[in-house]
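Structure first, commentary second.
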Amino acid sequence: MQEQNLNPEESLQIIQGMIRRAQNNLSENGFLFIFWGWLVFLSASAFYYLTTNGFDNAWYAWYTMPLGGIFTMIWSIRQKKKEKVRSYIDDYMMFVWLAFGFCMLITLGMGFKLQLNCYPILIMLYATATFITGGIIRFVPLIVCGALSYAISVCAFFVTFETQILLLALSVLVSYIIPGHWMQVKFKKQLAHAA
């Protein structure tokens, strides 16, 4: 097999094509940002309400998370079967979000050690995953929204537990829900222009 030499311009076009494909995949799949954003937002809001109104088992509000995980696994498997082309950028994204998932599990598992620092660290993890994703696919709203969640994380270290719950909800609103909807709008506009 003969090796093909590419000039810098052709290499750049290939890389830009991979980024566009990843942007389209993610925009189409902005669904996961929206799904998890609303799931965490509603669960955090329910947890806040139950906690501040004296319910003993307020943490039951978080039972939605494993159900969301199962749904996401099934949805992702179905999406992979539909995929026609997979790029290095898709692989990078997969590793970013796998690392995010592992960090979330460790943080939640060590919550008894972290105590009041657990939610600020979770917020920081949301910020990191969205910030890196935005950088990889060159989607500025994700980068900006990730940066805003970093600021929310810092604030969360200095407030009460109840306020941290509200800041967690605010963080997913900023880093997941808003950019997720933004991605879907952008993707629909691209589809309309292509038609």
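The values are calculated or read from the model by the stated rules, or taken from the named source; none is laboratory data. In this text, all values refer to a predicted model and were calculated from it rather than measured experimentally. Note that we place each Cβ from the backbone using ideal geometry, even for glycine, and neighbour counts take in every protein chain shown.
Only one of Ile137, Ile152 is in contact with a Ser or Thr (Cβ under 6 Å, 6 or more places away or on another chain) and of a type in the set (A, V, I, L, M). Can you tell me which?
Working: Ile137 fails: in contact with a Ser or Thr (Cβ under 6 Å, 6 or more places away or on another chain).
Just a single option satisfies the conditions, and that option is Ile152.
Within the stretch 85-105, does at least one residue satisfy the condition of being in contact (Cβ under 8 Å) with a residue 60 or more places away in the chain, assigned to a helix (DSSP H, G or I), of a type outside the set (A, V, I, L, M, F, W, C) and within 23 Å of Ile34 (Cβ to Cβ)? Walk me through it before giving the result.
Step one: list which residues in the stretch 85-105 are in contact (Cβ under 8 Å) with a residue 60 or more places away in the chain, which gives 85, 87-90, 93.
Filter again for assigned to a helix (DSSP H, G or I), leaving 88-90, 93.
Pick out the ones that are also of a type outside the set (A, V, I, L, M, F, W, C) and you get 88, 90.
With within 23 Å of Ile34 (Cβ to Cβ) added as a condition, the list becomes 90.
Within the stretch 85-105, one or more residues are in contact (Cβ under 8 Å) with a residue 60 or more places away in the chain, assigned to a helix (DSSP H, G or I), of a type outside the set (A, V, I, L, M, F, W, C) and within 23 Å of Ile34 (Cβ to Cβ).
Here's a check for you: in the stretch 12-50, which residue that is more than 18 Å from the chain's Cα centre (by Cα) and at pLDDT 95 or above is surrounded by the fewest Cβ atoms within 10 Å (Cβ to Cβ)? The selected residue is Tyr49. Here Leu116, Leu142 are screened, and the one residue that is more than 20 Å from Leu39 (Cα to Cα) and modelled with pLDDT under 95 is Leu116.
Criterion first (touching a Leu at 6+ places or on another chain (Cβ under 7 Å), surrounded by 14 or more Cβ atoms within 10 Å (Cβ to Cβ) and either modelled with pLDDT of 95 or more or within 26 Å of Val144 (Cα to Cα) (or both)) does Ile123 satisfy it? For Ile123, the condition - touching a Leu at 6+ places or on another chain (Cβ under 7 Å), surrounded by 14 or more Cβ atoms within 10 Å (Cβ to Cβ) and either modelled with pLDDT of 95 or more or within 26 Å of Val144 (Cα to Cα) (or both) - is met.
Looking at the stretch 133-152, which of the residues that are of a type in the set (A, V, I, L, M, F, W, C) and within 11 Å of Ile178 (Cβ to Cβ) is surrounded by the most Cβ atoms within 10 Å (Cβ to Cβ)? Walk me through it before giving the result.
Taking the stretch 133-152 first, the residues of a type in the set (A, V, I, L, M, F, W, C) are 136-137, 139-140, 142-145, 147-148, 151-152.
Restricting the remaining residues to those that are within 11 Å of Ile178 (Cβ to Cβ) gives 142, 144-145, 148.
Numbers: Leu142: 28, Val144: 17, Cys145: 26, Leu148: 18.
If we take residues in the stretch 133-152 being of a type in the set (A, V, I, L, M, F, W, C) and within 11 Å of Ile178 (Cβ to Cβ), then Leu142 is surrounded by the most Cβ atoms within 10 Å (Cβ to Cβ).
Only one residue in Leu122, Leu170, Leu116, Leu148 is among the aliphatic types (A, V, I, L, M), part of a helix (DSSP H, G or I) and within 13 Å of the chain's Cα centre (by Cα). Which one? If you could, list the steps in order and put the result at the bottom.
Working: Leu170 fails: within 13 Å of the chain's Cα centre (by Cα); Leu116 fails: within 13 Å of the chain's Cα centre (by Cα); Leu148 fails: within 13 Å of the chain's Cα centre (by Cα).
Just a single option satisfies the conditions, and that option is Leu122.
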